[in-house]
1. Express in nm, to one decimal, how much length is gained between PHE29 and LEU44 on full extension, taking 0.36 nm for each residue of separation and deducting their alpha carbon distance.
2. Would you order THR10, THR295 from fewest to most other beta-carbon atoms within 10 Å of each residue's own beta-carbon?
3. Given Cα positions, please report Rg to Rh for the chain, the hydrodynamic radius being the Kirkwood one.
4. Could you tell me the relative contact order of the stretch 104-284? Use alpha-carbon pairs under 8 Å, at least six residues apart, and round to a whole percent.
5. Hey, what number do you get for the chain at 222 nm if only DSSP H runs of n ≥ 4 count, each worth -39500 (n - 2.57), divided across all residues, to the nearest 500?
6. Explain nothing, just the number: relative contact order of the chain, from Cα pairs under 8 Å at least 6 residues apart, as a whole percent.
7. At 0.36 nm per residue, and after removing the present C-alpha to C-alpha distance, how many nm does the segment from TYR276 to SER255 gain when stretched out fully?
8. Explain nothing, just compute: Karplus ³J(HN,Hα) = 6.51 cos²θ - 1.76 cosθ + 1.60, θ = phi - 60°, for every residue of the stretch 230-237 in order, whole Hz, x for Gly and Pro.
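Every number here is computed from the coordinates shown, using simple stated rules; none is lab data. Since the model is a prediction, treat every value here as computed from it, not as a measurement. Don't worry about glycine lacking a Cβ; one is built from the backbone with ideal geometry, like all the others, and counts go over all protein chains shown.
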Amino acid sequence: MSDKTIVLVTRQLPQAVEDRLARDYTARFNTEDTVYSSDELIRLSAGAQAIIPCHTEKLTADVIQRLPDTVRAICSFSVGVDHIDLGAAKARGIIVTNTPEVLNDATAEIAMLLMLGAARRAHEGEHQIRTDRWADWSAVAQLGAQVTGKRLGILGMGRVGQIMARRARGFDMEIHYYNRSRLPAEREAGAIYHESLEQLLPHCDFLSIHCPATPESHHLLNAQSIGLLPDGAIVVNTARGAVVNDDDLIAALRSGKLFAAGLDVFNGEPDIDPRYRELANTFLLPHVGSATRETRDAMGFRALENLDAIFTGSEPRDRLV
Ligand code: DGY
């Protein structure tokens, strides 16, 4: 019998990553790429020393408590770890790692796409062409909001937020931000810091959300905070759906308080609030922030780097607990 470390890989991963896993580990792959239920996850973990989950697997306190004693590490194929109860993992002595940095550029690209797409009503124009309903050019039809020179507020000026700011400067945008702590001047690069979300919001023609989902950020965007945005503002979310109160965002999009929203992440994915689909002023993507070939490979190899470190007795680079 092989003495290689047994790793449960909960979702299909890029081929190069699976090849490396197959070479160096006894990997249990998910060839159907289905999302395992909690019971399946626990059953399939029997005898495994490590799990490589994605954000689609909910490793709640209950699931973690029921994992077999053999499991020593959870090396998530994600930067976000709101799907893992870190306290429960720590209590069981299970090491948890994530994959920061490698998806910054790809996620900022999608935030830019959402910002431009929502502002310029991209999906409405595309829909006209695909459904052969483009009657004629018009000087007054499909008028969007111009992006160039406007104010962009960034909620969460971490790695992705800083790249978003850099890209937006290419559109001559004035950058404002709120973050738990102020960045040093060289990383601020001229961005205007606000000491609270409430202070930031009145300065945002566009608001792009880049903070992690935590109990503190839960439903930060709600009726009250939306009320502080200028009329006609545009909201972009590439972080997590949980930062947004859907009822309140939908009400603001319906009333015209907000001009539009560009969303890549949702509460309850993939069963999103169906009202988003009915709104003409939403530009919606299915959680593809990190979905480039380069980034998904890099995420996989970063998860492997952590896994390798743990099972060769070194400190993993991205250890969270
Ligand atoms: C992440 O890495 O957190 C992305 O949202 C994909 O899971």
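1. Value of the extension gain: 4.4 nm.
2. Fewest-to-most ranking of THR10, THR295: THR295, THR10.
3. Answer for the chain: 1.01.
4. Numbers: 334 pairs, mean separation 41.0, N = 181.
Reported as a whole number, the value is 23 percent.
5. Per the formula, -9500 deg cm²/dmol.
6. In percent, rounded to a whole number, it is 18.
7. 6.2 nm
8. Calculated HN-Hα couplings, in order: x, 4, x, 5, 10, 10, 10, 9 Hz.
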